[in-house]
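The values are calculated or read from the model by the stated rules, or taken from the named source; none is laboratory data. What you see is a predicted model; the values in this text were computed from it and never measured. Positions of Cβ are generated from backbone atoms using ideal geometry, with glycine treated the same way; all protein chains shown enter the neighbour counts.
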Amino acid sequence: MANAFKNTLTSQIGTSDVTVYTPAGGVSYTTVIGYTVANVSVTNITVDLFIRDTDSTEVYLLKGTTIEPGQAIVPVGGEQKLVVLPNQELCVRSNTASSADCTVSVLEISN
C-alpha cells in the first residue's frame, strides 16, 4: 500500500457549497488529520462543514457554527481524525461571500 501526505488550500469560500477535499483516483481511503476553517472577513460568519457522498447525502460535521473575525475553528486535528471514502467529499459553506479560508491535511492510502 502506498501512503501520501497531502493538503488542500481553498480561499474565499462564500455562500455556495465549496468542495474542499475529494480523494484522488486510486485512493482506497483517506484519513483527515487536520481541518481548519478561518474567518478572513471583518464580521462574524456562520459556517456549515459537511461530508457529501455520490448520492448527494449530506452529513454535517458542524452546522451554523459562528467564527469571529480573524479566528479559526479546527474540527479535525489533534486526537480527532476523520475517514473519507472514495465516493465522498468534504464541503464548506459560509453565510457571507468570500469570507472563509480552509486547509485540509490528509493521509491518502492507495492499494
query: Mind checking which pairs have a first residue in the stretch 89-111 that is farther than 14 Å from THR15 by Cα and touching a residue at least 24 places away in the same chain (Cβ under 8 Å) and a second that is basic (Lys, Arg) and buried (at least 16 other Cβ atoms within 10 Å of the Cβ), Cβ under 6 Å, 6 or more apart or different chains?
result: GLU89/ARG52
- request: Please name all residue pairs, on different chains or six or more residues apart, with Cβ atoms under 7 Å, provided the first residue is in the stretch 1-22 and is over 18 Å from THR36 (Cβ atoms) and modelled with pLDDT of 95 or more and the second residue is surrounded by 15 or more Cβ atoms within 10 Å (Cβ to Cβ) and among the small types (Gly, Ala, Ser).
  value: THR15/SER94
